[in-house]
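Below is one structure, written out as structure tokens; the observations come after it.
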Amino acid sequence: MKILTKLLCALLMAALLIPAMGAFAEGDPTEVIFYFLGEELEDDKVVLEAINEKLIEKLNCYMSVEYVPFGEIGTTYPLLFASQTRMDAVFSAYFTGYASLAQKNAYMELTEDMLKEYAPITWEHTPQDVWAQTKVNGKIYAVPQEMIQNIQGTIGIRGDLREKYDVPPVTDIESLEVYLTAIKENETGVAPLLFGSMYTYQQDVLLFNEIEWARDGNYSQICMAYDITDPAPTPFCYLYTDEFKAMLDTVYRWNQNGWISRDSLSNTHTNRENMANGRIAVMMDNAGTINSANKDLRDNGGPEYLEIMDFSGDASLLRYAATGGQLSIPSQSQHPELVLQIIDYLRNDKEMNYLVERGIYGEDAQWYFAGELNEDGSVNENVISFGERSGQYGGNWICWSAFRNWDYQAIESIDSSIPGYREIFFDMDSRSINNILQAFTFDASNYQNEMAALQGVYDEFGKPLLLGFTDPNGGLEQFISMMEAAGLKTIIDAYTTQAADFLASNA
Amino acid sequence: MKFKLFGNLAYDLRRNKALMAMVLPVVAYLLVFAYAPMVGAVIAFKSYNFTSGIFGSPWVGFNNFRFFFISGKAWQVTKNTVLYNVAFIATQNVLEITVAIFLSEISHRYFKKITQGAMFLPNFISWVVVGAIAYNLFSYDFGFINNVLTSLNAPKIDVYTTAKYWPHIFVFLSAWKHVGYGSIVYLAAITGISSEIYESAALDGANEWQKIRYITLPGIQSTFFVLLILAIGNIFRGNFDMFYQLVGNNGLLYNATDVIDTYVFRSLLTTYEFGMSSAIGLYQSVLCFVTLIITNAIIHRVSPENALY
């Protein structure tokens, strides 16, 4: 019995010590854990293996990748921090609560010295006004993305249905309403419009794009906006404007006409999913997503196809925020220096950036050069064709994030895009401007009670108004009075004061 | 007295080693998962900061409770939480007892097994799946029910924008999911009643109804009271999974469907204020504790043998 006990003790000790000894063995590559947003793609492991081979060679480390699905931004993502999950780098964006989490020290501050030492190319290559956007209370908590991206709402309609019902081409809101009527009256089993998790794009199409306003993306519940063409804008709460009321009237009329599905408040699918599943005839989303939805329809093998249009005319558009896809280092990270080195390497080395963003050239039908030529006759390497296994986020193989580098940014070939998509993409880009308030982040740390109460009111009264389920005559007044009871005026005062201070100190 | 208490404890430990060993895992479980985390309740009075942690973060007094009351929703969501729980407790207990009695009366072995299995099955289906099934049934444009109604030229029903349907849906689905499992507890209590009592009653000429009325129901009375007290102990907690998966972020239904847990989840989704969510958790716990004490006191007065203590 004693021998057995001793043997068991020895085994237990060995079981405890052997992994520990292994972990500290000198010269072994270090594991660096990244948490990204999205889903693991079919060939993810193959691509990651290729990346890790190079990383081991250059930095003696390798990446382990975990994903947080888009649908779990509000649940799993905050739990990673609350549970002190072991991670060395994590995706961050204004829509994942970057500013709130930074104010609570969930992310490590990235000092200028750190960035210059461990990510020198990225530090130099990224303009200072882009770094400024990542600052929360004057400190940098993320490496921003470098990406030409237009996320303003555009419109995609089922072209096959337009032809089927002999509807004239859609060029403006009036002709769109003719199309919506035709779908409502003739097509059973397809809703003209169904808004779900992405329900804010109709505000872009019907209001913000044309009148050149931008909303505060960090805190949508406080409904603050500013004029993007004003070099020193004064932010305002758009709930009190006539333009907002006019937009609500339009949406309410659409809802009453049956053009907006009654399922919009309970639907949790994205516009792209609804389109791919044949449930809707019109989607309002960014141009890239509409182009991807068209690809889904093509892959389904049916006769369906999309037409794309943009109603913003020649209005200026706000360039997409650098905080829309970043990498932050959580405060519990064990290898912050390595994370910065990895970012610097993958972002700025052409071969590595191709791997990260596009996958493996020619292999397993992941991607190919499309063959479009530059003016000097050389192949334009940024115009590519994605193969059938390029995954649903073709062009961002591993992640939307700080790995993006606009020098190597890929765009789909004309052949594989919706007719007009490339023109809209470049036209919107030519009209994109920056505004100083993009770099302003409201410090809400002293107003968390109001922010939480406003979020509750916004969800309960705001969303039904925005989707036309509540009559704005009376409904808007009730919404505003509930918002004011929850502290809206206090927040507006604090916000405008902070913004004025920011403008004064950054003039 | 203190000395005697510990003296008795040591004596009991020595004398009932096997019993104490059996209860040890439960004690350890409660210590680790119920008592130790109570220390974390302190976060309800702090402004949580990731680098300072629970104990290093600054104190904010009762400030974390304020958002719940300035929103104007505190009374409504508290009322909804309690009323739904009362409805669930009432309907489910009645159904569970009824089902348990029927099952105990059924003599056909296979029919009994199949019935029991079919009723037990929903307990293993997650609310996520139930939410998806409900959406595919009730969806206005794509749901099964409305497709059938359309094919019959009948008007569609708009479940997802009409609040009045939802109390019935919740009570029905909650019962569908839990009655099978709950009836097992009552069935066990009925099985524990001596068969000799039923035989004596039969000899005295009692019919089936009389046996149920005068033997079975009194026999499961103590089980009923224990389950009732335990359920009331959670009366201020909403079943987050059920309410959130079935309703989601549908503002038109909140008046009828919002419970404390869903309201707090939505409000704090973007602020990451763990102090505030803990504050509301504490608010629920205190109310549950007070209710449980009062309920037990009432039962103690009415039927002392069925009270917890």
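The values are calculated or read from the model by the stated rules, or taken from the named source; none is laboratory data. Everything numeric in this text was worked out from a predicted model, so none of it was measured. We place every Cβ from the backbone using ideal geometry, glycine too, and count neighbours over all the protein chains shown.
Structure notes:
- Taking the range B:231-274 as the range and being more than 19 Å from B:Val82 (Cβ to Cβ), aromatic (Phe, Trp, Tyr) and free of Cβ contacts under 8 Å to residues at least 12 places away in the same chain as the test, only B:Tyr272 passes.
- B:Ser222 passes every criterion in (1) touching a Phe, Trp or Tyr at 6+ places or on another chain (Cβ under 8 Å); (2) touching a residue at least 12 places away in the same chain (Cβ under 8 Å) apart from (1).
- Test: residue in the range A:486-501 that is surrounded by 22 or more Cβ atoms within 10 Å (Cβ to Cβ), outside any helix (DSSP H, G or I), within 25 Å of the chain's Cα centre (by Cα) and away from chain B (no Cβ under 13 Å): no
- The single residue among A:Ala225, A:Ala246 that is surrounded by fewer than 18 Cβ atoms within 10 Å (Cβ to Cβ) and either free of Cβ contacts under 8 Å to residues at least 60 places away in the same chain or part of a loop (DSSP other than H, G, I, E, B) (or both) turns out to be A:Ala246.
- Flag if A:Ile414 is among the aliphatic types (A, V, I, L, M), over 21 Å from A:Tyr201 (Cβ atoms) and either touching a Leu at 6+ places or on another chain (Cβ under 6 Å) or within 14 Å of chain B (Cβ to nearest Cβ) (or both): no
- Which numbered condition A:Glu450 misses (of (1) in contact with a Ser or Thr (Cβ under 7 Å, 6 or more places away or on another chain); (2) within 30 Å of A:Arg253 (Cβ to Cβ)): (2)
- Note on the range A:449-461: among residues that are under 22 Å from the mean Cα position of the chain (by Cα) and surrounded by 24 or more Cβ atoms within 10 Å (Cβ to Cβ), the one that is farthest from the other protein chains (Cβ to nearest Cβ) is A:Tyr458.
- All of (1) closer than 20 Å to A:Tyr421 by Cα; (2) of a type in the set (Gly, Ala, Ser); (3) without any contact (Cβ under 8 Å) to a residue 60 or more places away in the chain hold for A:Ser316 with one exception: (3).
- Close pairs from the range B:34-63: first within 11 Å of another protein chain (Cβ to nearest Cβ), partner in a helix (DSSP H, G or I) and of a type in the set (S, T, N, Q), Cβ under 6 Å, at least 6 apart: B:Ile43/B:Ser278
- When the range B:64-81 is limited to residues that are touching a Ser or Thr at 6+ places or on another chain (Cβ under 9 Å) and part of a helix (DSSP H, G or I), the one that is farthest from the other protein chains (Cβ to nearest Cβ) turns out to be B:Asn80.
- Checked against the criterion of being within 30 Å of A:Gly258 (Cα to Cα) and either within 11 Å of chain B (Cβ to nearest Cβ) or of a type in the set (A, V, I, L, M, F, W, C) (or both), the range A:429-437 contains not a single residue that satisfies it.
- Residue match in the range A:32-40 (condition: of a type in the set (D, E, K, R), assigned to a loop (DSSP other than H, G, I, E, B) and over 15 Å from the mean Cα position of the chain (by Cα)): yes
- Elements of the type helices (runs of 4 or more DSSP H) sitting completely within the range B:205-284 and holding at least 3 residues that are away from chain A (no Cβ under 14 Å) and either crowded, with 23+ Cβ neighbours inside 10 Å or at pLDDT 90 or above (or both): these cover B:208-211, B:221-232.
- Count of residues meeting criterion [at negative phi, within 14 Å of another protein chain (Cβ to nearest Cβ) and surrounded by fewer than 13 Cβ atoms within 10 Å (Cβ to Cβ)] in the range A:166-191: 1
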